[in-house]
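See structure below.
The values are calculated or read from the model by the stated rules, or taken from the named source; none is laboratory data. Here the structure is a predicted model, which means the values were calculated and not measured. Because the Cβ atoms are built from the backbone with ideal geometry, glycine has one as well, and the counts that use them run over all protein chains shown. Side chains included, ligands, DNA and RNA excluded: accessible areas come from the protein's heavy atoms. Shrake-Rupley method; radii C 1.70, N 1.55, O 1.52, S 1.80 Å.
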Amino acid sequence: MSTLDSLALTRIPPEDEALRAEVRAFLAGAIAELPAHIRARSWGGYSSELSRKLAARGWIGVTLPKEYGGGGRSAFTRYVLVEEFLACGAPVGSHWIADRQSAPLILKYGTEAQKQFYIPKVCRGEAFFCIGMSEPGSGSDLASVRTRATPNDQGFVLNGQKIWTTNAHHCQFMIALVRTSGSSKDRHKGLSQVIVDLKLPGVTVRPIEDLSGDSHFCEVFFDNVQLGPDALIGAEGQGWEQVTAELAFERSGPERLFSSIVLFDQWLDYVRTPQGRTESAQRLAGQVLTQLAPLRAMSVAIQDKLVRGESPIVEAALVKELGTTLEQMIPAAIADDLFAREAEDVPVELLMTLKYVTEASPSFSLRGGTRDILRGMIARGLGLR
């Protein structure tokens, strides 16, 4: 039986689906003033004010235990929330990483003191985390990590550099994959995860401006940063096992399908008008939807596996690869449709949204694991190499 044979058609439970109407009504008012080309940033956009409002409604940390300030609800509850946030383009990037993977990682591997300190802050929208995985010259080859946390009598001394660290300049904390023993030649051995307070002496965060003009990517430098012994998450040397489990959460969610969805919806609104409706545009809409529907079904099925405590690493990699391929196809196909038209006035806001998504789309197949790395994982998982 293939790895993918275990994916079964899964329905989101009715009690979680029932939340959609409330979320849509709230967001309709909360982001009513944001134009589409701003909403297109969605989980890359930043609004600490919106994050605090969502936290006040119990929509951050919704799956985390109530004793740590969470909602104690199903992972499908969070899935519904995420779909609604992305569908309307809510700027949820400030709390995104903390809610999606940092707090769950601390809950699974952290000490009781770490759980008590960090998780309630995340649930209140007060603590934002960034991911410290990628490094210059390493790309998606996380096993080649060179950033080192050297044990000393006070804990660890951290030296090295991370890159493509989304919203690091807005975050209080980073969970970093570091080497605590051996060298990069040891590959998976000797890797650990540590929590870094980004206000500590020796930490420097520099935003990187991307093609679209945004500066959410950052490079982060560590120069003899002294960490306490409580910075270590889980067991020393077990970082590889921990980070691969974490990536299943990162690669399989709706954010790997919906990065272009605000643009697609804007374009559909135009296609529904007498001026915008053409046979070729209607065919294109059908092509996108017939790809999106099975990918969403796969994503929901993987969520069910995660709920049952499984670690669907290969399946998540497949959804991420196919999903980002679709996300990149959407702006390219819409551009072909719009610029093939003659003597038509296309709405300016639609063109501005298309411009942003076109400029941002090359990153879709880089973040969360590059295309070549993911295809290698998929091929090995299916026994093809």
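A compact table of results
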quantity: Residues of segment 129-160 classified as open to solvent by less than 10 Å² (accessible area, probe 1.4 Å), in contact (Cβ under 8 Å) with a residue 60 or more places away in the chain and within 28 Å of Arg41 (Cβ to Cβ), total; calculated: 2
quantity: Selected residue (only one of Ile60, Ile12 is under 18 Å from Gln303 (Cα atoms), touching a residue at least 24 places away in the same chain (Cβ under 8 Å) and touching a His at 6+ places or on another chain (Cβ under 8 Å)); calculated: Ile60
quantity: Enumeration of residues in segment 315-368 that are modelled with pLDDT under 90, over 19 Å from Leu86 (Cβ atoms) and open to solvent by less than 50 Å² (accessible area, probe 1.4 Å); calculated: Glu315, Ala317, Leu318, Arg341
quantity: Selected residue [outside any helix (DSSP H, G or I) and not hydrophobic (A, V, I, L, M, F, W, C)] from Ser181, Ser94, Ser102; calculated: Ser181
quantity: Sole residue being out of contact with any Ser or Thr (no Cβ under 9 Å at 6 or more places or on another chain) and on the phi > 0 side of the Ramachandran plot, chosen from Gly160, Gly182, Gly125; calculated: Gly182
quantity: Qualifying residue in segment 161-168 (condition: of a type outside the set (A, V, I, L, M, F, W, C), within 23 Å of His216 (Cα to Cα), modelled with pLDDT under 95 and open to solvent by 20 Å² or more (accessible area, probe 1.4 Å)); calculated: yes
quantity: Subset tally (residues that are among the aromatic types (Phe, Trp, Tyr) and either modelled with pLDDT of 85 or more or more than 16 Å from Arg78 (Cβ to Cβ) (or both)) for segment 233-259; calculated: 2
quantity: Count of segment 229-239 residues which are over 18 Å from Lys162 (Cβ atoms) and surrounded by 13 or more Cβ atoms within 10 Å (Cβ to Cβ); calculated: 5
quantity: Residues that are among the acidic types (Asp, Glu) and part of a strand (DSSP E or B), drawn from segment 213-234; calculated: Glu219, Asp223
quantity: Subset of segment 184-220 [of a type in the set (Val, Ile, Thr) and closer than 16 Å to Gly160 by Cβ]; calculated: Val194, Ile195, Val196, Val203, Thr204, Val205, Val220
quantity: Top-ranked residue in segment 118-127 [being open to solvent by 10 Å² or more (accessible area, probe 1.4 Å) and part of a loop (DSSP other than H, G, I, E, B); ranked as nearest to Val178 (Cα to Cα)]; calculated: Glu126
quantity: Number of positions in segment 129-174 that are assigned to a helix (DSSP H, G or I) and over 19 Å from Arg187 (Cβ atoms); calculated: 3
quantity: Enumeration of residues in segment 18-41 that are part of a helix (DSSP H, G or I), over 22 Å from the mean Cα position of the chain (by Cα) and surrounded by fewer than 15 Cβ atoms within 10 Å (Cβ to Cβ); calculated: Ala21, Glu22, Ala25, Ala28, Gly29
quantity: Residue check for Ala113: farther than 21 Å from Val62 by Cβ, open to solvent by 10 Å² or more (accessible area, probe 1.4 Å) and not in a loop (DSSP other than H, G, I, E, B); calculated: yes
quantity: Count of segment 42-67 residues which are open to solvent by less than 20 Å² (accessible area, probe 1.4 Å) and either part of a helix (DSSP H, G or I) or under 30 Å from Thr358 (Cβ atoms) (or both); calculated: 6
quantity: Counted residues, segment 184-212 - those being outside any strand (DSSP E or B) and either of a type in the set (Asp, Glu) or in contact (Cβ under 8 Å) with a residue 12 or more places away in the chain (or both); calculated: 15
quantity: Which numbered condition Gly155 misses (of (1) out of contact with any Gly (no Cβ under 7 Å at 6 or more places or on another chain); (2) of a type outside the set (Asp, Glu); (3) more than 26 Å from Asp99 (Cα to Cα)); calculated: (1)
